[in-house]
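So the structure is just underneath, and the comments pick up after that.
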Amino acid sequence: MIKTDMTKENLIGKIEKLREEINTHNHSYYILDSPTISDAEYDCLIRDLESLEANNPEYITPNSPTQRVGAAPAKGFKEVEHTIPMLSLANAFTDDEAMDFDKRIKKILATEEKITYAAEPKFDGLAVELVYEDGIFIKGSTRGNGFVGEDVTHNLRTIRSIPLSLGQDKTTSFDIPKLLEVRGEVFIPDNGFIKLNKDRIAGGDEPFANPRNAAAGSLRQLDPRITAKRPLDIFCYGIGSISHDEKFETHTEILKYLKKLGFKISPEVREVSNIESAIEYKKSLEEKRDTLGYELDGAVLKVNSIDLQDEIGVISKSPRWALALKFKARSESTTVLDIFISVGRTGALTPVALLTPVKVSGVMIEHATLHNAGEIERKDVRIGDTVTIERAGDVIPKITGIIIERRGKDLEKFVMPLICPECGSKVEQKGAIYFCTNVNCPARIRGGISHYASKGAMDIEGLGEKNVSELFEKEFIKDVSELYILKEREEELSALDGWGELSSKKLIDSIEKSKTQPLNRLIFGLGIKGVGASLSTILASEFGSIKGLSIASIERLEDVPDVGTETAKSITDFFSNADNLCLLENLKDAGIDPKAIKRPKGKLAGKVFVFTGTLKNLKRDQAKKIVEEAGGKVSGSITKKTDFLVAGEEAGNKLEKAKKLKINILSEEEFIKWHREDFKDLEVTKNQ
């Protein structure tokens, strides 16, 4: 036990020295995989620090090594909005698709030069963001829908490979940024997963299906003490926002910088000089995936040059400059017991194979979608067939082939039904898809309610497909508006088998809570064809209310970035339907009529900007912030809707395209000067 009869200065010095020593050992053990002291010696240091802090609680700080676990169980997870979206990646499953990606990049850049890529493993875990202020870890969140995640700070603090303070590598010296957002993948190593499941079985609990599920479940524990017992680890792979004067030229430079700061970076990261080398990297990684000690489902390619990334840009859901090269999925064989039809919320009839249960990549598979009539015809899947099955991207079950040698002689071809199995209405065929023609088909209504209640929409906990089906069939609800009068039947609800007072109250509370969801979630929850989560956010900002969106013309909708003619027509069709208008009125009566938070219009209201080339004085996120705070929008691509192109040095084909479309072009200096003059009286003429 350490004596505490010392001066204040000596006490603080002793505490700080212990913290620094423990952090250094943590870095050596968890990041460098090179421990410098024994476990017993490490435990002794921790006990000494705990003793000092217990006797002098006024000196406890959130970034102390003793505070990794200490928060009380949370009541729920708060939402966290990412300052820069955490976009998903487009996938490639073949070498040809990878080559096509490279060709698209070269076409965008108008070059035939070889592209240098950063190549790294694609971890099968859970994406997170870590936020540091002045080098101290202050917040951590899940990826969520890419725009909004969940605050899991207390759980992330329990992961020893996440530094609570930066700069543990004492061999280098550099400035710690005031703000730093780090992206990474939380996972459970293979040996930790095996031990975790052994312990669960010994304790009478069900084993986890796979490491990814275990990692995701661990991060969503309300009690961080439970998370602390799980063998979680992390590899970091990029940054979001950073307040730093240093300009990174390449993605691999960013990773080296993160490693210096004390973050764990995969040793498998490589810089490759062309697409052929990238494909070889992916094949090499696939060959040794079982020896690495953690789950991978592919490799990730990123254009290495940051300037070129900016030039190439992003689309609504993914960066154009990155690609996931997926490994060939692991497969097993099983038997098709039956093929049944599932009717979705759009009325589409989807054939689904019922299978003899089989475990694939640690997950028990009993069903696999056959997508549509064309897919069944192409694969000629029949009831009774022995089939090979894999999990596409190690996630979605997929029938990949028929073992024709095992087919019985009397197996008949499957034929799509001509009437809806749910409501008996006529089915019509559009291409390879069969649709139920009845807009009031019970399956379509149930699907619409499930979508409305889903996590990305109104997030009504306890209202999954099973409960929706039960409540619909027992006539508790006929549409989403009737969710909000369920509280009047709470006693009846609690009397249902498997419900009870607690679960029914939780559902009612969650439904009531959904009334406070923002406008973009309501728009997404309505299930308008072609309107996803990201476009819902744009529409909410553009129109401000359901009323404003409902009266928008096709022409007005087409003026909105990311809205094409087909989507514009889909939106106007939705709001022209009498049943939909009645539903919206009922929702309004129930108290659901959110308004978007209106920003001051600003002098750039309605103007769309694109930035291209190398900016010498501004970072891209700074330039974007300037435009958005003045009411404008920033897009990644040049279209007829673009108002201004700000061209930095070495501007490429976007500049040429802007000239052809006669779009206003500004230099970076002109843009900065205009900004400093509060966007007053800029005289720019269309390029002739």
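The figures follow:
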read-out	value
Count of residues meeting criterion [in contact with a Lys or Arg (Cβ under 8 Å, 6 or more places away or on another chain) and closer than 17 Å to Ser637 by Cα] in the stretch 97-116	3
Within the stretch 274-293, considering residues that are part of a loop (DSSP other than H, G, I, E, B) and at pLDDT below 95, the one surrounded by the most Cβ atoms within 10 Å (Cβ to Cβ)	Leu292
Odd one out for Gly532 among (1) closer than 23 Å to Thr346 by Cα; (2) buried (at least 20 other Cβ atoms within 10 Å of the Cβ)	(2)
Any hit, the stretch 670-682, residues being modelled with pLDDT of 80 or more, part of a helix (DSSP H, G or I) and among the basic types (Lys, Arg)	yes
Meets criteria (outside any strand (DSSP E or B), within 22 Å of Ile22 (Cβ to Cβ) and in contact with an Asp or Glu (Cβ under 8 Å, 6 or more places away or on another chain)) for Ile162	no
The stretch 201-256: number of residues that are over 18 Å from Asp297 (Cα atoms) and assigned to a helix (DSSP H, G or I)	16
Given (1) at pLDDT below 90; (2) in a helix (DSSP H, G or I); (3) not β-branched (Val, Ile, Thr), number of the condition Asp509 does not satisfy	(1)
In the stretch 499-515, residue surrounded by the most Cβ atoms within 10 Å (Cβ to Cβ) [restricted to those that are hydroxyl-bearing (Ser, Thr, Tyr) and touching a residue at least 24 places away in the same chain (Cβ under 8 Å)]	Ser514
Of residues in the stretch 569-622 being touching a strand residue (DSSP E or B) at 6+ places or on another chain (Cβ under 6 Å) and either part of a loop (DSSP other than H, G, I, E, B) or among the hydrophobic types (A, V, I, L, M, F, W, C) (or both), the one nearest to Gly544 (Cα to Cα)	Val608
Which numbered condition Thr346 misses (of (1) touching a residue at least 24 places away in the same chain (Cβ under 8 Å); (2) part of a strand (DSSP E or B))	(2)
Matching residues, the stretch 404-416, being in a loop (DSSP other than H, G, I, E, B) and either surrounded by 12 or more Cβ atoms within 10 Å (Cβ to Cβ) or not assigned by TED's automatic domain parsing to the domain that holds Thr335 (or both)	Arg407, Leu411, Phe414, Met416
First in the stretch 366-385 and touching a residue at least 24 places away in the same chain (Cβ under 8 Å), second anywhere and in a helix (DSSP H, G or I) and surrounded by 15 or more Cβ atoms within 10 Å (Cβ to Cβ), Cβ under 8 Å, 6 or more apart	Leu370/Ile376; Leu370/Lys379
Residue satisfying all of: in the stretch 309-322; under 22 Å from Leu655 (Cα atoms) and surrounded by fewer than 19 Cβ atoms within 10 Å (Cβ to Cβ); modelled with the highest pLDDT among these	Gly313
Every residue from the stretch 417-429 that is in contact with a helix residue (DSSP H, G or I) (Cβ under 9 Å, 6 or more places away or on another chain) and surrounded by 14 or more Cβ atoms within 10 Å (Cβ to Cβ)	Cys420, Pro421, Glu422, Cys423
For Glu81: the one exception among (1) over 26 Å from Asp223 (Cα atoms); (2) at pLDDT 70 or above	(1)
From the options Ile433, Ile403, residue that is touching a residue at least 40 places away in the same chain (Cβ under 8 Å), within 22 Å of Ala353 (Cα to Cα) and touching a helix residue (DSSP H, G or I) at 6+ places or on another chain (Cβ under 9 Å)	Ile433
Residues (surrounded by 14 or more Cβ atoms within 10 Å (Cβ to Cβ) and outside any loop (DSSP other than H, G, I, E, B)) located in the stretch 430-444	Ile433, Tyr434, Phe435, Cys436, Pro442, Ala443, Arg444
Residue match in the stretch 480-489 (condition: surrounded by fewer than 21 Cβ atoms within 10 Å (Cβ to Cβ), not in a helix (DSSP H, G or I) and not assigned by TED's automatic domain parsing to the domain that holds Phe147)	no
Long-range neighbours under 6 Å by Cβ, at least six apart or interchain, first residue on the phi < 0 side of the Ramachandran plot within the stretch 307-318, second surrounded by fewer than 20 Cβ atoms within 10 Å (Cβ to Cβ) and of a type in the set (Ser, Thr, Tyr)	Asp307/Thr614; Ser316/Ser534; Lys317/Ser88; Ser318/Ser88
Matching option when the condition is of a type in the set (D, E, K, R), over 30 Å from Glu276 (Cα atoms), in contact (Cβ under 8 Å) with a residue 12 or more places away in the chain and assigned to a strand (DSSP E or B), among Glu181, Glu120	Glu181
Test: residue in the stretch 126-143 that is within 26 Å of Pro267 (Cβ to Cβ), over 24 Å from the mean Cα position of the chain (by Cα) and in the same structural domain as Glu276 (by TED's automatic domain parsing)	yes
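The values are calculated or read from the model by the stated rules, or taken from the named source; none is laboratory data. Quantities reported herein were computed from a predicted structural model and do not represent experimental measurements. Cβ sites come from the backbone with ideal geometry, for glycine too, and all protein chains shown count toward neighbours.
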